[in-house]
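These notes concern the structure reproduced below.
The values are calculated or read from the model by the stated rules, or taken from the named source; none is laboratory data. Bear in mind the structure is a predicted one, so any value in this text is a computation, not a measurement. Don't worry about glycine lacking a Cβ; one is built from the backbone with ideal geometry, like all the others, and counts go over all protein chains shown. Each accessible area value is taken on the protein alone, full model and side chains, heavy atoms only, with ligands, DNA and RNA left out. Shrake-Rupley method; radii C 1.70, N 1.55, O 1.52, S 1.80 Å.
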Amino acid sequence: MKSVNYLLFSCLFIIIHPFSPVVKGQSPVKHIASDTFKPGEVWPDKDGNHIQAHGGGIIRIKNTYFWYGEQRGKGLDPKYRYVSCYSSKDLLNWKFRGNVVKMLPPDSLTAYWVLERPKVFYNAKSKKYIMYFHVDDRNYKVAQVGIAVSDKPDGEYKFVKRFRPLGHESRDIGQFIDDDGTAYLVFEDRPFGFRIARLSDDYMDVEKEMTLVKAHMEGGAIVHYNGLYYSIGSALTGWNANPNKYSTAPTLEGPWTEFKDIAPVKTNTYGSQSTMLIKVVGTKKTTVIFMGDVWKPKTQYDSRYIWMPLEIGDGKLWLPEPKPWKLNIKTGETQILF
Ligand code: DGJ
């Protein structure tokens, strides 16, 4: 009887205790506003669920950031592919705004189709939110982008079309919005390298190629920092991490320098893969954040994130060893702890 009571008490304690430290998939924990980024750890949203926004992209609308990514939470209906949306004022505490895409395979694709790496652009003229994502079949042979459109940042996004940008194969995609507001798609064109191409005025098409960087890289991301363009990407090793690299150029057209490592080779980018570079222009400092995915292919719902402020400038870029850190979203200043 004693042990039954003990068991009951333990169960009750586990159910109501607000600080259970483990988040697996969708098991919620109490959200306590955080002031510290903890790279590689479970990252609870405001409902206490681990953030599901893998292979993601971020846009800023006024003072709110929106993070879109692959929703890979537990218990999803396998018939659909989902894109999640989160919002935040500080890039650290995120509110889940819902699954803004819940899609069946478009036209001739079959049940095992792939929707990866969603990126949303806001078009100020049409006031529409235009989402690009990688569309593929299970063998990654289709190699297209899909477009879905919404009137609001948090959806619902309606699928419009899928195509090969400028007629080229396109697998991993990245987004880049330059300081003058021009929007670009970065896409991996397997036979040749990766391309950076400007979107059309309404963002509903990929219009003009800026460059073909002849390097076989995916997870492509770009930042414009102190008059120089920096591009980063990973090698093509599926879900396995590899040493990510960077290159620089004075203009998007190039010439791009040889690619160099962004972290000690043996760390394989600390087990992560690039997905975006976020520039925070503060009142005192401009900080560039490396946004990377730590994939867990067998338990995708538990895939993590490594975000770290980069050491960047004068043509050099370096990802410091991931450690807890703080960001002052107003001043742009950062502090790496320990
Ligand atoms: C690597 C890509 O970067 C990911 O987005 C995903 O497509 C995996 N390959 C699939 O193996």
Evaluate Rg over Rh across the range 210-319, taking Cα atoms for both radii and Kirkwood's formula for Rh. 0.97
Based on the mean of other beta carbon atoms within 10 Å per residue, what is the order of 102-110, 156-164, most packed first? 156-164, 102-110
Return the FRET efficiency for the residue pair Leu337, Ser108: r is the Cβ-Cβ distance, R0 is 56 Å, and the value is rounded to the nearest 0.05. 0.65
When a/c reaches 1.5 or more, the comparison of a/b and b/c decides; with that in mind, is the range 248-293 rounded, prolate or oblate per its Cα gyration tensor? oblate
If you consider only alpha-carbon coordinates, what radius of gyration and Dmax does the range 21-177 have, in Å? 15.9, 49
Once phi for every residue in the range 84-92 is put through the Karplus expression 6.51 cos²θ - 1.76 cosθ + 1.60 (θ = phi - 60°), the whole-Hz ³J(HN,Hα) values, with Gly and Pro written as x, are 9, 9, 10, 10, 7, 9, 10, 6, 10
Please arrange His216, His168 by accessible surface area, largest first, computed with a 1.4 Å probe and ligands excluded. His216, His168
Accessible area of the chain belonging to carbon and sulfur atoms, whole % at 1.4 Å probe: 55 percent
Spin-label proximity, Lys95 to the range 37-70 - amide N less than 15 Å from point 7 Å beyond Cα toward beta carbon: 45-48, 61-67
The relative contact order of the range 193-338, taking Cα pairs under 8 Å that sit 6 or more residues apart, comes to a percentage of 16 percent
Counting C-alpha atoms alone, how compact is the range 36-336: give Rg to one decimal and Dmax as a whole number, in angstrom. 17.6, 52
From largest accessible area down, sort Glu188, Glu253; use a 1.4 Å probe on the protein chains. Glu253, Glu188
Debye calc, one equal point scatterer per Cα of the range 53-141, no solvent, log10 I(q)/I(0) at q = 0.19, 0.25 1/Å comes to -0.89, -1.28
With everything on Cα atoms, drop me the angle between helix 2-16 and the longest principal axis of the chain, reported from 0 to 90° to the nearest 10. 30 degrees
Find the accessible area per residue for the range 115-243; the probe is 1.4 Å, ligands and nucleic acids are left out, and the unit is Å². 39 Å²
How high is the FRET efficiency from Met204 to Lys323, r the C-beta distance, R0 51 Å, rounded to 0.05? 0.75
Taking the Cα centre of the chain as the origin and placing charges on Cβ (Lys, Arg +1; Asp, Glu -1), which of Leu319, Pro191, Val114 is farthest toward the positive end of the dipole? Val114
Given Cβ point charges of +1 (Lys, Arg) and -1 (Asp, Glu) and nothing else, what value in debye, to the nearest 20, does the dipole of the range 36-336 about its Cα centre take? 680 debye
